[in-house]
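*Asks:* Below is the structure I would like to discuss, written out as structure tokens.
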Amino acid sequence: MHKNLGIIIQARTGSRRLPKKILKKILPNKSFLEYMLLRIKKSKKVKKIIIATSNKKTDDEITKIKSKKINFFRGSEQNVLKRYINAADKYGLKHIVRLTADCPFVDAKLIDKFVKKYLNGKFNYLSNVNPPSFPNGFDIEIVSLKLLKKSLKYFNEKLNQEHVTYAIRKKKLSKYTKIKSFNFKNSKNLNHIRLTIDNMHDLKKIKKLAKYINIEDNWKSIYLKNVKINNEK
């Protein structure tokens, strides 16, 4: 386990399409975010977990979530890149597993596999989103804090502030610093499958699917259960 590596989840309540979506119930006693935390805690390689939300009053609700060994950080609403950097600095992280709170089924085993590859390969950026091939909802990025700081320095513009790794993924930052990257690619492109929350349709679909899922299920098992449910319609 790497003591300077941790998970930072960006979370907010101000979604335009579906306000407070991450605080809605996926199960009678669990919100989407709480459910996600239960799954992430199954990780054997990462123990530091930070929820990074904004300073807005509307996001106070997020910090009231009671979950053991979860830390909170509050920062800029618009400049999410800076929020990540400041959260990592506060909690002593040099390497960040980046997750978003609208992906409740994120797979801890996948996180562990990616962390092992990242550390053993001495990469400073690793993901499964560049290009994406896993079902939408299992996105994972691992990036060094040093690289994020350089990204903010050279590309302190809205698109990069909001999308955090934009300059890295688009190879804009490679003009200024060495990027050693790796992208996990699934054998079959399943990125058209949506297992994330963005609207009411997603919400209903994921709530239905959650009834058939065990908290330890990996992404393949969840994907296959989703296929089965859709075929039974």
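The values are calculated or read from the model by the stated rules, or taken from the named source; none is laboratory data. Nothing here was measured: the structure is a model prediction, and the numbers come from that model. Every residue, glycine as well, gets a Cβ built from its backbone with ideal geometry; the counts of neighbours run over all protein chains shown.
*Asks:* Among the candidates LEU190, LEU173, LEU224, LEU203, single out the residue that is over 25 Å from TYR118 (Cβ atoms), modelled with pLDDT of 95 or more and over 17 Å from the mean Cα position of the chain (by Cα).
*Replies:* LEU224
*Asks:* Continuing with the same structure: Can VAL115 be described as over 13 Å from THR165 (Cβ atoms) and β-branched (Val, Ile, Thr)?
*Replies:* yes
*Asks:* Exactly one condition in (1) closer than 18 Å to LEU37 by Cα; (2) surrounded by fewer than 20 Cβ atoms within 10 Å (Cβ to Cβ) is false for ILE111; which is it?
*Replies:* (2)
*Asks:* ILE7: β-branched (Val, Ile, Thr), crowded, with 16+ Cβ neighbours inside 10 Å, part of a helix (DSSP H, G or I) and within 14 Å of the chain's Cα centre (by Cα), yes or no?
*Replies:* On the way: β-branched (Val, Ile, Thr): yes; crowded, with 16+ Cβ neighbours inside 10 Å: yes; part of a helix (DSSP H, G or I): no; within 14 Å of the chain's Cα centre (by Cα): yes.
For ILE7, the condition - β-branched (Val, Ile, Thr), crowded, with 16+ Cβ neighbours inside 10 Å, part of a helix (DSSP H, G or I) and within 14 Å of the chain's Cα centre (by Cα) - is not met.
*Asks:* Using the structure shown, decide if SER174 is surrounded by fewer than 14 Cβ atoms within 10 Å (Cβ to Cβ), under 28 Å from PHE123 (Cα atoms) and polar (S, T, N, Q).
*Replies:* yes
*Asks:* Can you pull out every residue in region 16-47 that is surrounded by fewer than 17 Cβ atoms within 10 Å (Cβ to Cβ) and either touching a residue at least 40 places away in the same chain (Cβ under 8 Å) or under 13 Å from the mean Cα position of the chain (by Cα) (or both)?
*Replies:* Of all residues in region 16-47, those surrounded by fewer than 17 Cβ atoms within 10 Å (Cβ to Cβ) come to 16-20, 24-25, 27-30, 38, 42, 44, 47.
Answer for region 16-47, where residues must be surrounded by fewer than 17 Cβ atoms within 10 Å (Cβ to Cβ) and either touching a residue at least 40 places away in the same chain (Cβ under 8 Å) or under 13 Å from the mean Cα position of the chain (by Cα) (or both): ARG17, LEU18, LYS20, LYS24, LYS25, LEU27, LEU38, LYS42, LYS44, LYS47.
*Asks:* Would you list the helices (runs of 4 or more DSSP H) that sit entirely within region 128-233 and hold 3 or more residues that are of a type in the set (Phe, Trp, Tyr), free of Cβ contacts under 8 Å to residues at least 40 places away in the same chain and more than 25 Å from GLY92 (Cα to Cα)? First the steps, then the outcome.
*Replies:* On the way: elements: 145-154, 158-163, 166-169, 200-210, 219-231.
Qualifying helices (runs of 4 or more DSSP H): none found.
*Asks:* Out of all the residues in region 1-24, is one or more more than 23 Å from ASN79 (Cα to Cα), hydrophobic (A, V, I, L, M, F, W, C) and in contact with an Asp or Glu (Cβ under 9 Å, 6 or more places away or on another chain)?
*Replies:* no
*Asks:* If the requirement is being surrounded by 14 or more Cβ atoms within 10 Å (Cβ to Cβ), touching a Leu at 6+ places or on another chain (Cβ under 7 Å), within 22 Å of PRO104 (Cα to Cα) and not hydroxyl-bearing (Ser, Thr, Tyr), which of these qualifies: ILE168, ILE193, ILE229?
*Replies:* Working: ILE168 fails: within 22 Å of PRO104 (Cα to Cα); ILE193 fails: touching a Leu at 6+ places or on another chain (Cβ under 7 Å).
ILE229 is the lone residue from the list that is surrounded by 14 or more Cβ atoms within 10 Å (Cβ to Cβ), touching a Leu at 6+ places or on another chain (Cβ under 7 Å), within 22 Å of PRO104 (Cα to Cα) and not hydroxyl-bearing (Ser, Thr, Tyr).
*Asks:* List, please: which pairs have Cβ atoms under 6 Å, are six or more places apart or on different chains, and start with a residue in region 56-76 that is of a type in the set (A, V, I, L, M) and end with one that is modelled with pLDDT of 95 or more?
*Replies:* From region 56-76, the pairs are ILE62/ALA11; ILE62/THR53; ILE70/ILE49.
*Asks:* Are any residues in region 18-39 touching a strand residue (DSSP E or B) at 6+ places or on another chain (Cβ under 7 Å) and farther than 11 Å from CYS103 by Cα, and if so, which ones?
*Replies:* If the condition is that a residue be touching a strand residue (DSSP E or B) at 6+ places or on another chain (Cβ under 7 Å) and farther than 11 Å from CYS103 by Cα, then LEU23, LYS24, LYS25, SER31 are the ones that fit.
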